[in-house]
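Peer 1: Got a structure for you, written out below as structure tokens; questions coming shortly.
The values are calculated or read from the model by the stated rules, or taken from the named source; none is laboratory data. Keep in mind that what you see is a predicted model, and the values were worked out from it rather than measured. Note that we place each Cβ from the backbone using ideal geometry, even for glycine, and neighbour counts take in every protein chain shown. These accessible areas exclude ligands, DNA and RNA; they are computed on the full protein's heavy atoms, side chains included. Shrake-Rupley method; radii C 1.70, N 1.55, O 1.52, S 1.80 Å.
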Amino acid sequence: FPVTINAVFNTREQAEYLGPELVGGASLASQLHESCRKNQGKNIFETVLNLEWNRFFNEGILHYSDVLALSHSVENRLPYLSNEIVEFAKQLPTDQKYLLSTSKKILKNVAARYLPTELVYRKKEGFIEPNLFWISGKLQTWAAHHLEKAKRRDLGLIRWQKTSFLWDRFKKHHDLKDGKKVWMLLNIAIWEDQIMAGMP
């Protein structure tokens with residue numbers, strides 16, 4: 001859980017929602033602060049990029065994509081991550097990667113040769129995980145069951161007073177930020193249940 005927990009909960013929230021066994025990893029904000037402190041005088045863009053590459057990307061996205069692909073017997077191909085492209089991208093000057101709030105500059109310049117301008121430069125659309133809608137809708141009873149089951153067992157991984165308040169607030173307002181926290185806590189509850197089921 002470490003990378004995901006740090007992406008969902010800041011340091012204060014970890015202490016509020018999680019037991020001591022799951023607390024202790026530095027939040028992404030504190031990691032960035034420390035990385036900038038160590039790299040004073042260096043390009044802040046490159047500092048952030050390196051942090052994302054080494055933490056969020058390698059330990060998060062790539063790990064999850066591998067797990068999801070293998071669990072469904074799919075061979076996952078990531079063409080932009082060939083060694084040659086990665087090494088080439090790393091040595092590029094900053095203004096070739098990002099300029100005047102235009103990200104993916106090189107990729108967009110190439111795409112503009114073949115695709116309509118309005119498509120290449122359209123506003124970015126984020127991906128909202130459907131699980132947040134599921135647990136506030138047709139899977140709400142399922143989510144409540146697993147949270148309640150872990151609450152009765154109370155192994156100390158989750159702080160239930162704050163979590164119960166969060167769950168009630170999410171059911172009422174369906175706030176996506178709350179939903180991400182609920183989903184993380186639900187994953188911990190289900191993982192805990194699976195661990196207990198496998199014990200003699």
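Peer 1: As a check on your grasp of the helix formula, calculate [θ] at 222 nm for the chain: sum -39500 (n - 2.57) over DSSP H runs of n ≥ 4, divide by the residue count, round to the nearest 500. Provide the component values of the computation, followed by the final result.
Peer 2: On the way: 13 runs with 121 residues, N = 200.
Mean residue ellipticity at 222 nm (helix-derived): -17500 deg cm²/dmol.
Peer 1: Which entry in (i) 17.5; (ii) 20.0; (iii) 22.1 is this structure's computed Kirkwood radius over Cα pairs in Å?
Peer 2: The value matching this structure is (ii).
Peer 1: Relative contact order (percent) for the chain, with alpha-carbon contacts under 8 angstrom and 6 or more residues of separation? Working shown, then result.
Peer 2: On the way: 108 pairs, mean separation 51.8, N = 200.
Relative contact order, the chain: 26 percent.
Peer 1: Could you pull out every residue, at least 5 positions away or on a different chain, whose amide H is within less than 5 Å of the one on residue 158? Hs are placed 1.01 Å off N in the peptide plane, and Pro or chain starts have none.
Peer 2: 19
Peer 1: Identify which of 146, 72, 63 has the largest mean-square fluctuation in a Gaussian network model of the chain, with springs joining Cα atoms closer than 10 Å.
Peer 2: Among 146, 72, 63, the largest GNM mean-square fluctuation belongs to 72.
Peer 1: Next question. Skip the ligands, DNA and RNA, and give the accessible area per residue of the chain with a 1.4 Å probe, whole Å². Walk me through the numbers before you get to the answer.
Peer 2: Details: 14040 Å² over 200 residues.
For the chain, the solvent-accessible area averages 70 Å² per residue.
Peer 1: When Lys and Arg each count +1 and Asp and Glu each count -1, what net charge do the other residues less than 14 Å away from residue 115, Cβ to Cβ, add up to?
Peer 2: +3
Peer 1: Taking residue 181 as the anchor, which aspartates and glutamates have their alpha carbon closer than 15 Å to its alpha carbon, excluding any fewer than eight residues away along the same chain?
Peer 2: 13, 16, 129, 168
Peer 1: Considering only protein heavy atoms and a probe of 1.4 Å, how much of the accessible area of the chain is carbon and sulfur, as a whole percent?
Peer 2: For the chain, the apolar C and S fraction of the accessible surface comes to 59 percent.
Peer 1: Something else: State the answer as a single residue: which of 63, 135, 109 lies farthest towards the positive end of the charge dipole of the chain, with beta carbon charges of +1 for Lys and Arg and -1 for Asp and Glu, about the Cα centre.
Peer 2: 109
Peer 1: Okay, moving on. Leaving out ligands, DNA and RNA but keeping every protein chain, what accessible area does residue 160 have, in Å² rounded to the nearest 10, with a 1.4 Å probe?
Peer 2: Using a 1.4 Å probe on the heavy atoms, I get roughly 30 Å².
Peer 1: Excluding the sites themselves, what is the longest stretch of the chain that contains no trypsin sites (Lys or Arg not before Pro) in a DSSP loop with at most 14 other C-beta atoms within 10 Å?
Peer 2: 139-200
Peer 1: Next question, about the same structure. If you take every residue apart from residue 136 with its C-beta less than 15 Å away from the C-beta of residue 136, what net charge results, scoring Lys and Arg +1 and Asp and Glu -1? Mind showing how you got there, number by number?
Peer 2: Values: positive: 138, 169, 171, 172, 177, 180, 181; negative: 129, 168, 175, 178.
Here the count lands on +3.
Peer 1: For residue 180, go through the lysines and keep the ones whose alpha-carbon is under 25 Å away, minus same-chain ones fewer than eight residues off.
Peer 2: Excluding near neighbours in sequence, the set is 123, 124, 138, 149, 151, 162, 171, 172.
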